[in-house]
Every structure is written in C-alpha cells, then in structure tokens.
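What follows is calculated from the coordinates using simple rules that are stated; it is not laboratory data. Remember, predicted model here, so these are calculated numbers, not experimental data. No Cβ is skipped: glycine too gets one built from the backbone with ideal geometry, and neighbour counts run over all protein chains shown.
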C-alpha cells in the first residue's frame, strides 16, 4: 500500500479542488514530510499519476494576470473516491505495514462513520493478537530472548511491538466509543485538517519546487 497515494487523494478530497501547492502545504501541516515519503517531488508526481489513472481530474486554470504558466487544479473523481476509502480501510486494519500508512489512515479516520471506524480498529487488534499467537508457538517471551541467543532479541522486539500496537489501538477504540471526535454523518463541527488560503503553515519546509512557481 502507498501512503502518498492515500494522503494525496485525501488532501484533494478535503479541498474539493486543490492545486499542488495546497496539497503539499496541507501534508506539511500534518508533518507528513517527516513520517512518510510525502516530499514535494513525490507529491507532484503522485498528483500527475493519479490524474493519468483517472482517480483525479486535472483542471488547467487560466494564467494569472502577472504572467507565468497556468496552474493545474485537481479534483477527485468517483473512482478516486472509491480508491480513497479502500486505502483508508486497509490502512486501519492491516497491522503488517509501515507506520506511515497507519498514520495516513488516522488522518482521515473521521471520514468514516464512527461504528465502522471502531469495527476496523477491532479487526486490527484481532490481527495483532493472531500474529502474536503465531509467533509464541515458537518463542515464549517469559523465557527471555536469551533462550534463542542474541537472535531472540528480534522476536522480543516484535512481541513488544505487537503488544504496544494492540494496547494503543484498544485505547483509541475506547476514546472513539466514548464519544471523542466528530465522525461522518454526525452533528457538530468536525476538526478541519486543511489550511485555508492565507493561513500560515508553521511546519512549512520552505523548500522550493518548480511547480510552486505556477
């Protein structure tokens, strides 16, 4: 699975229509450039590829009055929306992926209904517990990693990772079931995770990309 794919589709969907710099600014606002491969070049490449695949529609805007090439604005298509939710659901249930995919999914979790979000996270816990049971058929944590020599430290690390992942996920489930956050279809003001025009981004890298000049 690709975190950049989910991030870009979700960012465009959040705006309705967005140009590359807006998408980049949002993802930097999330700190995605620190925990994923959402660097400027990757973002612009993903926008173009997703448009070629029919998941985004590219609108070429008229050149600005001050000159320069036209700026392209992107809009998510019906197929793109379907792909977005597919990736989102996979990111929340799959426990054997890189952390960046789960991080991306958490950023869009409120796009789901509350009950579905809980069900997906419970599926994640079940997967982690099943994986742990499989590992402990060959390795018993109570015996200590030394029983397998220094190689046992690998198993020890993964057992702790699974336990920590299940504990954290269960805590999130409890917070969601307890009423935290505003999910799809609910009354109330959802948290807005995109920057409005003119809002200062405190996490902006300042790195220039050719398409930022459009």
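Worth pointing out:
- Alpha-carbon centroid distance for the pair segment 1-23 / segment 163-181, whole angstrom: 26
- 21 Å tail of the calculated P(r), segment 32-118, as % of Cα pairs: 45
- Legend: calculated FRET efficiency, residue 49 to residue 157, from the Cβ-Cβ distance at R0 = 41 Å, rounded to 0.05, equals 0.70.
- The ranking of 122, 39, 52 by Cβ neighbour count inside 10 Å, starting from the fewest, reads 52, 122, 39.
- Cα-Cα pairs of segment 1-61 separated by more than 12 Å (percent): 63
- Per-pair calculated FRET efficiency, R0 = 30 Å: residue 119 and residue 150 via Cβ, rounded to 0.05: 0.15
- With 0.36 nm allotted per residue and the present C-alpha distance subtracted, the residue 135-residue 94 stretch has 13.0 nm of extension available.
- Relative contact order [Cα under 8 Å, 6+ residues apart], segment 70-187, whole percent: 30
- Its residue count N sets the reference 2.2 N^0.38 Å, and the alpha-carbon radius of gyration of segment 81-133 equals 1.09 times that reference.
- Ranked packing of 102-113, 123-134, most packed first, by mean Cβ within 10 Å: 102-113, 123-134
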